[in-house]
Amino acid sequence: ADMERLVERLEKAVERLETVCQGPGMCGDGSSKGVAQYVQAFDALLAGPVAEYMKISREVGGDVQKHAEMVHAGLMSERALLVMASQHQQPTENAFSSLLKPISEQIQVVQNFREKNRGSKMFNHLSAVSESIPALGWVAMAPKPGPYVKEMTDAAMFYTNRILKEYKDVDKKQVDWVKAYLSIWMELQAYIKEFHTTGLTWSKTVSAASSASWASIASVLQQSFPDDSASRSALFAQINRGEGITSGLRHVSDDMKTHKNPALKNQGGPLRSGPKPFTAPKPACNANSFQKTSPKAPALLELEGKKWRVENQENATDLVISDTELKQVVYVFKCTNSTLQIKGKINSITLDNCKKLGLVFDDVVGIVEIINSRDVKVQVMGKVPTISINKTDGCHVYLSKNSLDCEIVSAKSSEMNVLVPTEGGDFTEFPVPEQFKTVWNGQKLVTTVTEIAG
């Protein structure tokens with residue numbers, strides 16, 4: 001019963017959009033022409049890859065299941081926007097920004113869940129989703145929405161590869177989860193290529209909505225997916241207690257899919273047959289639409305449970321964490337032109353979105369991760385088993401004599417250097433390779449470092 005109410009709620013949201021659309025001067029004569037082909041195709045994606053991802057996520061359970069429910073809510077917000085776009089001409093930039101708000105807020109919900117659960121046993125799963133969920137913003141990324149989704153998909157690979165490495169011979173369900181999740185974005189790329197090659201396709205057969213009408217539509221979308229935590233919790237609880245939300249969607253048979261029935265492409269009005277002639281790139285809306293527009297966040301250096309939070313520090317050259325314990329982790333986020341010293345032995349350290357940051361620490365028993373950062377310097381005074389550098393430009397790692405056996409893993413990064421101590425107390429600098437050569441030897445791919453002559 002709860003599941004039926006949820007499905008009914010989502011259907012009513014679409015009905016309200018259609019009602020708003022059928023107002024005077026908005027949809028011609030207001031006649032119903034059925035669900036647009038690209039909405040039907042999106043329903044097929046929901047009923048296929050998304051349903052499989054939801055099914056496996058429920059089987060995995062815990063944080064993975066909760067996260068999947070948040071992802072699904074974002075996809076349903078996007079479906080509501082697609083229904084609206086199929087019935088209106090493209091709005092002004094300001095009106096479009098309002099329409100994007102439910103999607104952008106749901107992206108924030110997904111990413112915040114990961115940050116609040118950095119101690120989760122499924123942190124790699126949460127990170128894979130959190131890094132790639134901005135792909136929902138393709139609707140605002142004209143003229144190249146497809147490549148944008150691919151870029152976001154690639155961002156998940158660092159963590160999905162970790163999952164595969166950890167569970168490959170241990171738990172097939174985890175491997176299936178990775179395949180199911182990545183297939184969503186792969187199928188979305190194919191969907192975009194077919195229906196929205198250079199940007200979200202808007203109706204060409206109805207008049208543009210007035211400012212007041214766009215406000216009404218935005219209000220409907222916002223009411224359909226409220227942003228207060230209580231409403232979200234209730235929504236997720238309903239999803240959790242019932243079968244997959246896609247069970248409430250109308251089945252899309254093969255004869256309804258344009259890629260299996262080309263004749264459909266000639267029905268229901270003109271569709272894009274290919275990319276438009278080249279023009280200077282003009283985003284459909286402000287690129288910051290999917291970034292949180294809030295006042296400058298306060299600087300933090302505090303212990304929250306087992307996690308030290310060091311956030312939004314600027315020009316702070318004397319940050320020190322000294323009262324540490326082995327079970328604690330340190331998370332450094334959006335710190336600029338600052339230095340941080342961590343004394344004692346702790347579990348792990350993460351630098352995320354930092355610029356021109358200096359980090360000095362004694363001992364770490366787990367891993368030091370450097371993500372999405374620029375121009376950072378890290379000095380190990382004691383020991384650390386692993387340092388991970390991901391999507392970072394400019395990183396200098398100073399090793400101690402006791403940490404020379406440290407394993408350094410890098411991906412999508414540049415200008416990386418490891419400095420090794422000499423007997424005289426100085427350091428010798430060694431660059432980390434960025435370019436590789438891969439060849440087929442008849443049985444497998446063989447990758448070697450490519451030396452670049454200066």
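Among 298-307, 128-137, 51-60, 158-167, sorting by the average number of other beta carbon atoms lying within 10 angstrom of each residue, highest first, gives 128-137, 51-60, 158-167, 298-307. A Förster radius of 25 Å combined with the Cβ-Cβ distance from N312 to M381 puts the calculated FRET efficiency at roughly 0.45.
Computed from phi, the 3J(HN,Hα) profile of the stretch 126-142 under the Karplus parametrisation 6.51, -1.76, 1.60 (θ = phi - 60°) reads 4, 5, 4, 6, 4, 6, 9, 4, x, 4, 4, x, 4, 4, 10, 9, 7 Hz, with x in place of Gly and Pro.
Among D363, D375, D352, D323, the order of accessible area from largest down is D323, D375, D363, D352, computed with a 1.4 Å probe on protein heavy atoms. Taken over the stretch 50-175, lysine pairs spaced eight or more positions apart, or on distinct chains, with alpha carbons under 19 Å apart number 11. In plain terms, if you count all Cα to Cα distances in the stretch 314-452 and split them into 10 Å steps from zero, the share in each step is 12, 40, 33, 11, 4, 1 percent.
For the stretch 300-449, the share of DSSP beta bridges that are antiparallel, to the nearest 5, is 20%. Normalised by residue count, the stretch 35-203 yields a Cα convex hull volume of 97 Å³ per residue.
Ordering H125, H396 by accessible surface, largest first, gives H396, H125; the 1.4 Å probe counts only protein heavy atoms, with every chain in place. In the context of the full set of protein chains, residues of the stretch 35-203 present 35 Å² of accessible surface per residue (probe radius 1.4 Å, heavy atoms only). Computed over the stretch 76-162, the convex hull of the alpha-carbon atoms projects to a mean area of 6.3 nm².
The values are calculated or read from the model by the stated rules, or taken from the named source; none is laboratory data. All values reported here derive from a predicted model rather than from experimental measurement. Backbone-built Cβ (ideal geometry, glycine too); neighbour counts: all protein chains shown. The area values use the complete protein model at the heavy-atom level, side chains included, leaving out ligands, DNA and RNA. Shrake-Rupley method; radii C 1.70, N 1.55, O 1.52, S 1.80 Å.
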